[in-house]
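Structure, as structure tokens:
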Amino acid sequence: MTLTAVGESGAFFHGFGSHFTRLKTNLLGVFPRTVILPQAILIFDTMLAFLSIFIAIYLRVGNEFLDYTPGFILKNMIVFALLSASVFIWMQTHRALWRYFSLEDCIPLALSVVLASILYFPLMILLAQQESLPRSIPLLNTLVYMIVLCLPRFIYRSMNDRHAMQKKRLLAEQIVPVLLAGSGDTTELFIREVMHSPALSYNPVGILSPHIKEKGRRIHTVPILGTPKNIEAIIKELRQLPKRPIQIIITDNDLPKDFLMALATLAQKNSLPMMQMVPQFSIVLPPSEKDDFLTTDDYSKAVHSFV
């Protein structure tokens, strides 16, 4: 009897899952993902606005929260949620991709929350008739709302990055340990791209910097070993690394000549091939009025003339 019940429940959940998958496929066929996702984020942020004012009131008044009538609290929650939704639609904050969320994306979110709180303050006073909320509620709600808005985005970003790292671990045999030369913005961008892109089969194990004062510091998780001028110390540092580099990649294009000469000597003594990261751009000419498409020769001329 028990096995029969388990089998029936399994069949029920399997059928429910297949119906849900079919419904999702049909919805995505009617509404593209680029249309559904921003609207879903807008609804989610509006729900968070609805809850944040509730949390802010409870944190401010404590046990006195029960003294307010449910209708009064509900009106304030609805008003702030509608104001927040209007501000988000105006500032288009719901169209940002969560998998690339960073501190720069917090700025428009913070401005939206502050603007919604400023607009809510006079309405809060107008709603206060027999009952009134403390004047510090909008300020407290701004902090609460910022936390509940940014926290899910950072969690989603961390989960997405973890998924990318898991993909990269599966390709661990193909990953090439490299030594980076340079400590500027391009070096940081290279490390970030390598960390978040499984397609790049590089693993930075150390950084050589032209500035001696940066030795012992880190860019993300990659240590700065020092300058290649002190060759013996650098070789000793390389031998202590868990994975010895087999290539040197120059990530900065404006390194001093003495640094490059010392780097070449270090590479020669350790038999390390040197590579340089050079940004390239290709411009494809639009088709002319006479020709419906570009020929291969035209494309090659266009690319070589701009690279």
task: List the number of the failed condition for residue 183; all other conditions in (1) at pLDDT below 85; (2) touching an Asp or Glu at 6+ places or on another chain (Cβ under 7 Å); (3) more than 22 Å from residue 238 (Cα to Cα); (4) surrounded by 17 or more Cβ atoms within 10 Å (Cβ to Cβ) hold.
output: (3)
message: Checking the conditions here, which among 127, 123, 111, 140 is under 17 Å from residue 92 (Cβ atoms) and aliphatic (A, V, I, L, M)?
response: 111
field: Criterion violated by residue 275 - all others in (1) crowded, with 16+ Cβ neighbours inside 10 Å; (2) at pLDDT 80 or above; (3) under 21 Å from residue 177 (Cβ atoms); (4) among the hydrophobic types (A, V, I, L, M, F, W, C) satisfied
entry: (1)
task: Under 6 Å between Cβ atoms, at least 6 apart or on separate chains: pull out the pairs that start in the stretch 142-154 with a residue that is more than 9 Å from residue 52 (Cβ to Cβ) and without any contact (Cβ under 8 Å) to a residue 60 or more places away in the chain and end on any residue that is among the polar types (S, T, N, Q) and surrounded by fewer than 17 Cβ atoms within 10 Å (Cβ to Cβ).
output: none
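The values are calculated or read from the model by the stated rules, or taken from the named source; none is laboratory data. Note that the structure is predicted; figures quoted are calculated from it, not measured. With ideal geometry, Cβ positions are generated from the backbone for all residues, glycine too; neighbour counts draw on all protein chains shown.
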